[in-house]
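Everything on this sheet refers to the single structure shown next.
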């Protein structure tokens, strides 16, 4: 049975009045009263945020009121973020761009997702216009690199390598600077949308990309890669191409054994999980314990 519009309107009005009445009690000195108000407002979820923001901006109820409003808004946004990330992890597709956007919402809850999609599409189109079906895999990457790094000016942020801004896709797209993971992520998203088989490789200390040997070129030339990779790409150094032996040398330098996962593409879940790990490390360096603890909670959702 369809609920009458008039009844839905009445229910909405009652909810609005309830939220507004609860907001009036936020600075109540009785901790038990505030605990009840806090839990009730939090139960309304993101729908309560516009009312909380409006009360913070338009009413002068003192520092306690403002602090409680800010904390409550953050708690609601964080719970909503956990819900979004849990759904992403449980989804079949696990879209990489969507995962990166969810992580960015931790710092930018009001993020306009459409702007990110529009910027990605703009870069993709610029690269697509320069590609040719007759190009070899190597030539495609040279063309890709020219547009991505020279025309759109993406580069590794060596000066502020550990900045958390390097891990948020919106800021990386704005500044054109990122860490190995964020640059590789954007690179691979665009490449895959152009049917170029480039995927992330979870190499320790330095995230890289693999161009998959879809036509078994290495096999035909007698130099097969056991992981099905034609060659590797370093997005942090403007798309430098390298081979399997270079990864072996790198692992020897950092004294780690050569594991299979260091040579072949990793799942998107591992990429987003590592993005959260990078953020945890960034906030540990500046001593922001609260953000570290929250990001650990998000990373633990991966199990």
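Filter segment 252-273 down to the residues that are surrounded by fewer than 19 Cβ atoms within 10 Å (Cβ to Cβ) and either outside any helix (DSSP H, G or I) or touching a helix residue (DSSP H, G or I) at 6+ places or on another chain (Cβ under 6 Å) (or both) and list them by number. Talk me through it step by step, then tell me what you get.
At the first step, the residues of segment 252-273 found to be surrounded by fewer than 19 Cβ atoms within 10 Å (Cβ to Cβ) are 252-261, 264, 266-267, 269-270.
Across segment 252-273, the qualifying residues are 254, 255, 256, 257, 258, 259, 264, 266, 267.
Could you tell me whether segment 276-288 includes any residue that is in a loop (DSSP other than H, G, I, E, B), touching a residue at least 12 places away in the same chain (Cβ under 8 Å) and under 30 Å from residue 146 (Cα atoms)? Talk me through it step by step, then tell me what you get.
Start the filter on segment 276-288 by keeping residues that are in a loop (DSSP other than H, G, I, E, B), which leaves 286-288.
Checking which are touching a residue at least 12 places away in the same chain (Cβ under 8 Å) leaves us with none.
For segment 276-288, residues in a loop (DSSP other than H, G, I, E, B), touching a residue at least 12 places away in the same chain (Cβ under 8 Å) and under 30 Å from residue 146 (Cα atoms): absent.
For segment 126-243, please list each of the helices (runs of 4 or more DSSP H) lying entirely inside it that holds at least 2 residues being under 30 Å from residue 288 (Cα atoms). Outline the logic, then answer.
Details: elements: 137-145, 169-175, 180-193, 217-220.
Once the helices (runs of 4 or more DSSP H) in segment 126-243 are filtered for at least 2 residues that are under 30 Å from residue 288 (Cα atoms), what remains is 169-175, 180-193.
Can you work out which of the residues in segment 37-62 that are modelled with pLDDT under 85 and closer than 15 Å to residue 27 by Cα is nearest to the chain's Cα centre (by Cα)?
Filtering first and then ranking leaves 56.
May I ask you to list the residues in segment 163-201 that are touching a strand residue (DSSP E or B) at 6+ places or on another chain (Cβ under 9 Å) and within 24 Å of residue 259 (Cα to Cα)?
179, 180, 181, 183, 184, 185, 188, 197, 198, 199, 200, 201
Can you find even one residue in segment 122-130 that is in contact with a helix residue (DSSP H, G or I) (Cβ under 7 Å, 6 or more places away or on another chain) and within 17 Å of residue 169 (Cα to Cα)? If you could, list the steps in order and put the result at the bottom.
From segment 122-130, those in contact with a helix residue (DSSP H, G or I) (Cβ under 7 Å, 6 or more places away or on another chain) are 123-124, 126-127, 130; that's our starting set.
Add one more test, that the residue is within 17 Å of residue 169 (Cα to Cα), and what stays is 123-124.
Within segment 122-130, one or more residues are in contact with a helix residue (DSSP H, G or I) (Cβ under 7 Å, 6 or more places away or on another chain) and within 17 Å of residue 169 (Cα to Cα).
Look through 35, 104, 100 and report the one residue that is part of a helix (DSSP H, G or I) and farther than 15 Å from residue 298 by Cα. Before the answer, list the steps.
On the way: 104 fails: farther than 15 Å from residue 298 by Cα; 100 fails: farther than 15 Å from residue 298 by Cα.
Every option except 35 fails the conditions.
What are the pairs, 6+ residues apart or on separate chains, where a residue within segment 125-136 that is at pLDDT 95 or above has its Cβ under 8 Å from a residue that is in a loop (DSSP other than H, G, I, E, B)?
Taking only residues 6 or more apart or on different chains, the pairs are 126/152; 127/194; 128/194; 131/194.
Of (1) loosely packed, with under 15 Cβ neighbours inside 10 Å; (2) farther than 30 Å from residue 100 by Cβ, residue 87 satisfies all except one. Which?
The failed condition is (2).
Please enumerate the residues belonging to segment 213-251 that are surrounded by fewer than 19 Cβ atoms within 10 Å (Cβ to Cβ) and under 26 Å from the mean Cα position of the chain (by Cα).
237, 238, 240, 241
Within segment 109-120, track down each residue that is surrounded by 13 or more Cβ atoms within 10 Å (Cβ to Cβ) and either more than 26 Å from residue 199 (Cβ to Cβ) or touching a residue at least 24 places away in the same chain (Cβ under 8 Å) (or both).
109, 111, 116, 119, 120
The values are calculated or read from the model by the stated rules, or taken from the named source; none is laboratory data. Here the structure is a predicted model, which means the values were calculated and not measured. Every residue, glycine among them, receives a Cβ derived from its backbone with ideal geometry; neighbour counts consider all protein chains shown.
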